[in-house]
Amino acid sequence: MIRGLRKNPARALMLLAGAALAVVFPVAEGDARSRPPPPPPVIYAPPPPPPFLGVGLNDRMIADAAAYQAYVQRVTSLSAAFHDGQSVATSLRTGAAYEPAALVRGAVAFAAIAALQDQTFVASLRAAGQNPEARRLMLNRFIAEPGYVFTFPGAEGASRNAKQAIGGAGLRIIATGKAVRQSAYDVQHEAWSKDFVLDREGRLAAVKSLSSTPPPAAPELASPLRIGLAGGAPLGLGQSPLVRYQTPLIAKAMALAGFAALGEAGDSAYQRLTYLTTEQNTAFCLSMAKLNLNQCLAVAKPHYEDIFCLGQHILLDTGQCLALNGGGLQEFALGPQKPLKLAPPRGAARKPVRRRR
């Protein structure tokens with residue numbers, strides 16, 4: 001064997017290298033079985049579900065609700081006792097200061113906050129939406145079918161609050177409008193009421209501008225509304241006759257209240273919720289009221305005709321839109337509207353009176 005190795009030096013080197021490795025790394029029987037098992041794979045727990053947030057509404061909708069509430073307070077406080085043309089012009093600007101789409105947004109948001117005053121309604125919604133999957137299904141259905149919200153316990157009481165917030169407000173505006181419209185007839189015995197309005201074109205342009213801009217903000221009313229979201233201080237909705245059926249406008253307000261009750265009406269949800277803050281019938285009705293107002297002011301000349309435009313097309317027409325679509329009276333007992341008696345302008349020549357012979 002040694003002779004063979006001498007004849008094949010390469011093979012001798014390979015044998016020597018193998019022997020050296022055997023000395024350095026001895027392999028004993030059972031070594032593989034004596035090694036510790038590999039550590040088990042790390043299994044990470046799934047992320048926790050999103051927190052179940054408290055009842056809340058985003059700041060933009062609270063601001064819309066406050067602006068709506070402030071507008072209703074302003075117009076229902078208008079006096080029917082006019083003493084000069086300036087008081088008529090001021091009341092006209094006060095009543096015209098709303099844009100139809102913005103008023104609808106504010107009405108829906110305010111009615112949603114009113115609905116959340118019913119704690120049975122809020123509790124039933126939160127009980128049904130305890131887990132994220134249940135909430136997801138509920139929210140999707142509120143968007144696709146707002147009337148679904150009426151199936152929850154407490155919805156009847158909540159919808160009554162929502163109707164008071166919109167329909168009840170409309171009825172109060174109607175009452176103010178009746179008084180103002182009547183004063184257009186009563187005030188004609190006063191000389192100033194027959195004077196022509198100065199700068200009639202400028203007055204019409206100003207009213208059109210007010211009708212195309214959102215109503216003024218009312219930050220002083222926003223804080224009480226935030227408290228009302230949590231069932232705090234009542235909103236002072238009052239009591240008015242209401243219809244039993246549910247309108248599309250009230251259904252959307254109730255669906256928005258459903259989002260707020262589940263804590264899903266925060267800032268990130270604002271764009272998704274814009275579908276619930278628009279309602280075609282109410283917006284069209286308010287737009288027609290604005291159109292009729294513009295046509296009335298375009299032909300009105302003396303101050304008492306401006307009073308008629310204010311009472312009829314700002315207050316009565318706007319109040320009817322809110323009362324009809326917001327669950328107020330189904331039929332309005334306004335009575336037949338007598339035509340406005342137009343007095344001849346001061347200094348105009350009178351037609352001669354023919355006497356019978």
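Remarks
- Residue among 308, 259, 284 that alone is of a type in the set (Phe, Trp, Tyr), under 30 Å from residue 84 (Cα atoms) and either in a helix (DSSP H, G or I) or at pLDDT 95 or above (or both): 308
- Region 244-256, residues that are surrounded by 15 or more Cβ atoms within 10 Å (Cβ to Cβ) and either among the hydroxyl-bearing types (Ser, Thr, Tyr) or part of a helix (DSSP H, G or I) (or both): 247, 249, 250, 251, 252, 253, 254, 255, 256
- Condition met for residue 64 (buried (at least 22 other Cβ atoms within 10 Å of the Cβ), touching a residue at least 40 places away in the same chain (Cβ under 8 Å) and of a type in the set (Asp, Glu)): yes
- Evaluation of residue 221 against (1) within 30 Å of the chain's Cα centre (by Cα); (2) of a type in the set (A, V, I, L, M, F, W, C); (3) farther than 30 Å from residue 162 by Cα (one fails), failing number: (3)
- Some residue of region 226-242 being at pLDDT 90 or above, under 16 Å from residue 65 (Cβ atoms) and part of a helix (DSSP H, G or I): no
- Reported count of residues in region 82-113, each being under 10 Å from the mean Cα position of the chain (by Cα) and among the hydroxyl-bearing types (Ser, Thr, Tyr), is 0.
- When residues of region 262-281 are limited to those that are in a helix (DSSP H, G or I) and of a type in the set (A, V, I, L, M, F, W, C), the one nearest to the chain's Cα centre (by Cα): 273
- Filter result for residue 74 (over 14 Å from the mean Cα position of the chain (by Cα), touching a residue at least 40 places away in the same chain (Cβ under 8 Å) and either over 25 Å from residue 176 (Cβ atoms) or surrounded by fewer than 19 Cβ atoms within 10 Å (Cβ to Cβ) (or both)): no
- Filtering region 193-219 to residues that are under 19 Å from residue 74 (Cβ atoms), among the hydrophobic types (A, V, I, L, M, F, W, C) and assigned to a loop (DSSP other than H, G, I, E, B) leaves 217, 218.
Here's the yes/no breakdown for (1) touching a Pro at 6+ places or on another chain (Cβ under 9 Å); (2) buried (at least 19 other Cβ atoms within 10 Å of the Cβ):
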| position | (1), (2) |
| --- | --- |
| 144 | no, no |
| 149 | no, yes |
| 157 | no, no |
| 164 | no, yes |
| 172 | no, yes |
| 176 | no, yes |
| 183 | no, yes |
| 195 | yes, no |
| 201 | no, no |
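- Restricted to region 163-194, and to residues there that are of a type outside the set (Val, Ile, Thr) and within 14 Å of residue 68 (Cβ to Cβ), the residue that is farthest from the chain's Cα centre (by Cα) is 172.
The values are calculated or read from the model by the stated rules, or taken from the named source; none is laboratory data. Please read all numbers here as calculations on a predicted model, not as lab measurements. Positions of Cβ are generated from backbone atoms using ideal geometry, with glycine treated the same way; all protein chains shown enter the neighbour counts.
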